[in-house]
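Accompanying notes for the structure given below.
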Amino acid sequence: MKLLGITACPTGIAHTYIAAEKLSRAAKELDVEIKVETQGSVGTENVLTDKDIAEADGIIIAADKGVDLSRFAGKAIYECGTKDAVKDPKRLIQLFLDGTVVAPQASKKLKSVEEAKQEIRGKQNLIYRHLMSGVSYMIPFVVVGGLLIALALAIGGEPTPTGLAIPENSFWMHISDIGGAAFTFMVPILAGFIAYSIADRPGIAPGMIAGFIAANGSFYDSSAGAGFIGGIVAGFLAGYLALWIKRWKVPKMVQPIMPILVIPIISTLLTGAVFIFVVGKPIASLMNGLTEFLNGMQGSSSILLALILGAMISFDMGGPVNKVAFLFGTSMIGAGNVAVMGAIAAAICTPPLGMGLATLLRKNLYNKEEKEAGKAALAMGLCGITEGAIPFAAGDPLRVIPSLMVGAMSGAVIAMLGGVGDSVPHGGPIVALLGAIDNVLMFIIAIVVGTFVTAFCVNFLKDLKQRKDNVSNQKQAARE
Amino acid sequence: MLITDLLKPESIQLTLESTGKREIVSELAGLLQQTGALSDQAVFEASVLSREKESSTGIGFGIAIPHGKSEGVARPAIALGISRTGVDWDSIDDEDVTIVFMLAIPQHQPGNEHLKILQQLSRKLVDDDFRAALAEAASKEEIYALMAQIAI
């Protein structure tokens, strides 16, 4: 720890220097580095430089006259008289060691979406980061595949007894095939980039190949593939294997061929073998069971699912819980069930839309910054970016998050019951514009209802608090 | 410049006669007056007492350093008095004061050597060993020898 001090007394004869000496000696005893500037009758000595200030963990101002503090903006400062430094210098230093004195908060302004995300990212664990890295690379493939197939069906599909079907060899069949090609990359890309995130470049080949094996049941005698769960398992397996081999101590001569030859081959072989002989089949049947279970969900059980998904999506607005629900919806698109994503798509946009609407409905409950954030939230909501609500949730989580959840859950249930389907892994009104939504009317209704529920809930709770504050303020005023 | 240029043997009182803060200030100012360091003892005393009013100069560990920067000072000087009984000086550690350094600083004095000497003295007083030796000093000679350590 490095501290700085300034001592100054009215005459600048004695106390300035006694205080400085005391602080220096106490710092030495406590094993703390300190530099003390004395503003005395001789003039200012031992002047603190900009470099000193930049490096300092805190500043002790022991002065009986005014000292210019503008140099120390944003630093932890403790101000006291020279007397305090003379009497008990150790206590002053201990204040900094204990963290009792801290730098002033930059200001209590709302955190921007980026800042809040950055903060959350700092807290995420490694496993989650690797998983999300894989998911982020996979999403464009799902979007392209889902959108092209949905478009082909919507425009080129013809009604048949079993639903819409695209005639063989028609133009739209080719478009649909392109979409299908994109889908086949979904799991390999997921696995490949999880492994890439773990082991860097040597992880890509084993990850993708293992992902491909996971997605194709024929490798391990199964009619169905192991889907996205298989992809995740494959990615982590390949990634950590590659990372482990990367750390082997090998002769210098072998080193250059490690990343391009040794690591990929060994980890690909091992991961592939594990899938083919051990985990492939069980995961495939698990996936299969899950899909069938979901497809079979109707009535009350589908409502329960929608409630859970809505709550998860809005709970942390783009955080891990949200992403689990989102990943689930995405994988269901790959498995041919677009209803799950339909419910999620509605829940994704109600938190920011609801907060935006809330700031418009009750202007007196929000400050200027929040109103600005409200407008931004509306725009983000339309584009299906749940994070737009984060600034509000960060500022008042106890009132905002439950409201967001109630709104998102109502939206998700309406979408689920209304038969809304979404064939791209994204939410919000923008998806309807892209033509990826089945049953657009119900989708819009779900969003509007969810948005209003959110806004009413949050304004109700904030209003309650404001009244309570007013009452206690009045009581306080009466007492005084 | 040495501290002994400021502290004359005549301004050292090995046993202070007074027992009160105010009286000791007068007694030591009287010693300074005799060496010709003060031009107006009353004005100087007033400046010392007004400084005391702002906050006590009892810095703890039985030491007080009353001081004044005043028109009543002709040349920079130090007086030293030792109280054998101890005096209440409203010290920051509530202990009675036994050693009193009085510093007289002229309002206008070219150069700042004298200020640096006083600065060194102030810093030195924080040193436990120095204080202990000072408290045990039985003669003006011993005190002089100790003080000679302080120089710039």
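Number of residues in the range B:58-72 that are more than 9 Å from every other protein chain (Cβ to nearest Cβ), open to solvent by 10 Å² or more (accessible area, probe 1.4 Å) and without any contact (Cβ under 8 Å) to a residue 60 or more places away in the chain: the value is 1.
Taking residue A:283 as the residue in question, decide whether it is in a helix (DSSP H, G or I), open to solvent by less than 40 Å² (accessible area, probe 1.4 Å) and in contact (Cβ under 8 Å) with a residue 60 or more places away in the chain. Criteria met by residue A:283. Checking each residue in the range A:391-433 for being closer than 18 Å to residue A:318 by Cα and of a type in the set (Gly, Ala, Ser) picks out A:393, A:394, A:395, A:403, A:407, A:408, A:411, A:412, A:427, A:428. For the range A:443-461, indicate whether the set of residues that are in the same structural domain as residue A:362 (by TED's automatic domain parsing) and not in a helix (DSSP H, G or I) is non-empty. No: the range A:443-461 contains no residue that is in the same structural domain as residue A:362 (by TED's automatic domain parsing) and not in a helix (DSSP H, G or I).
Conditions tested, residue by residue: (1) more than 11 Å from every other protein chain (Cβ to nearest Cβ); (2) open to solvent by 50 Å² or more (accessible area, probe 1.4 Å); (3) in a strand (DSSP E or B).
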site	(1), (2), (3)
B:22	yes, yes, no
B:30	yes, no, no
B:42	yes, yes, no
B:47	no, no, no
B:56	no, no, no
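Looking only at residues in the range B:101-119 that are more than 8 Å from chain A (Cβ to nearest Cβ) and touching a helix residue (DSSP H, G or I) at 6+ places or on another chain (Cβ under 8 Å), which one is surrounded by the most Cβ atoms within 10 Å (Cβ to Cβ)? So that I can check it myself, show each step before the final result.
Taking the range B:101-119 first, the residues more than 8 Å from chain A (Cβ to nearest Cβ) are B:101-102, B:104, B:106-111, B:113-114, B:117.
If we keep only those that are touching a helix residue (DSSP H, G or I) at 6+ places or on another chain (Cβ under 8 Å) too, we end up with B:101-102, B:104, B:117.
Working: B:101: 23, B:102: 25, B:104: 30, B:117: 23.
Selected residue: B:104.
For the range B:75-95, taking the residues that are within 14 Å of chain A (Cβ to nearest Cβ) and part of a loop (DSSP other than H, G, I, E, B), the one that is most open to solvent (accessible area, probe 1.4 Å) is identified as B:94.
On the stretch given as the range A:4-42, residues that are farther than 27 Å from residue B:104 by Cβ, surrounded by fewer than 21 Cβ atoms within 10 Å (Cβ to Cβ) and aliphatic (A, V, I, L, M) total 3. Taking the criterion of being out of contact with any His (no Cβ under 7 Å at 6 or more places or on another chain), aliphatic (A, V, I, L, M) and open to solvent by 50 Å² or more (accessible area, probe 1.4 Å), would at least one residue in the range A:333-354 satisfy it? No: zero hits.
Applying a threshold of 9 Å to beta carbon distances and a minimum spacing of six or more residues, or different chains, the list of pairs starting in the range B:73-99 at a residue that is among the aromatic types (Phe, Trp, Tyr) and ending at one that is open to solvent by 50 Å² or more (accessible area, probe 1.4 Å) reads B:89/B:95; B:89/B:96. Filtering the range A:369-384 to residues that are open to solvent by 60 Å² or more (accessible area, probe 1.4 Å) and without any contact (Cβ under 8 Å) to a residue 60 or more places away in the chain leaves A:371, A:372, A:375, A:382. Listed by first and then second residue, the pairs linking a residue in the range A:61-89 that is within 16 Å of residue A:26 (Cα to Cα) to a residue that is open to solvent by less than 50 Å² (accessible area, probe 1.4 Å) and of a type in the set (D, E, K, R), with Cβ atoms under 6 Å apart and 6 or more places separating them unless they lie on different chains, are A:85/A:22; A:86/A:22; A:89/A:22.
Hand me the list of strands (runs of 3 or more DSSP E) wholly inside the range A:1-115 holding 2 or more residues that are in contact with a helix residue (DSSP H, G or I) (Cβ under 7 Å, 6 or more places away or on another chain) and within 14 Å of chain B (Cβ to nearest Cβ).
Of the strands (runs of 3 or more DSSP E) lying wholly inside the range A:1-115, those with at least 2 residues that are in contact with a helix residue (DSSP H, G or I) (Cβ under 7 Å, 6 or more places away or on another chain) and within 14 Å of chain B (Cβ to nearest Cβ) span A:2-8, A:33-40, A:58-63.
Here residue A:319 qualifies as touching a residue at least 12 places away in the same chain (Cβ under 8 Å) and within 22 Å of residue A:406 (Cα to Cα). Scanning the range A:174-196 for residues that are open to solvent by 40 Å² or more (accessible area, probe 1.4 Å) and in a helix (DSSP H, G or I) gives A:174, A:177, A:178, A:181, A:183, A:184, A:196. For residue B:129, indicate whether it is within 14 Å of another protein chain (Cβ to nearest Cβ), more than 16 Å from residue B:5 (Cα to Cα) and open to solvent by 10 Å² or more (accessible area, probe 1.4 Å). For residue B:129, the condition - within 14 Å of another protein chain (Cβ to nearest Cβ), more than 16 Å from residue B:5 (Cα to Cα) and open to solvent by 10 Å² or more (accessible area, probe 1.4 Å) - is met.
The values are calculated or read from the model by the stated rules, or taken from the named source; none is laboratory data. Everything numeric here is computed off the predicted structure, so don't read it as measured data. Positions of Cβ are backbone-derived with ideal geometry, glycine not excepted, and every protein chain shown enters the neighbour counts. Just so you know, the surface numbers come from the protein's heavy atoms only, side chains and all, with ligands and any DNA or RNA stripped out. Shrake-Rupley method; radii C 1.70, N 1.55, O 1.52, S 1.80 Å.
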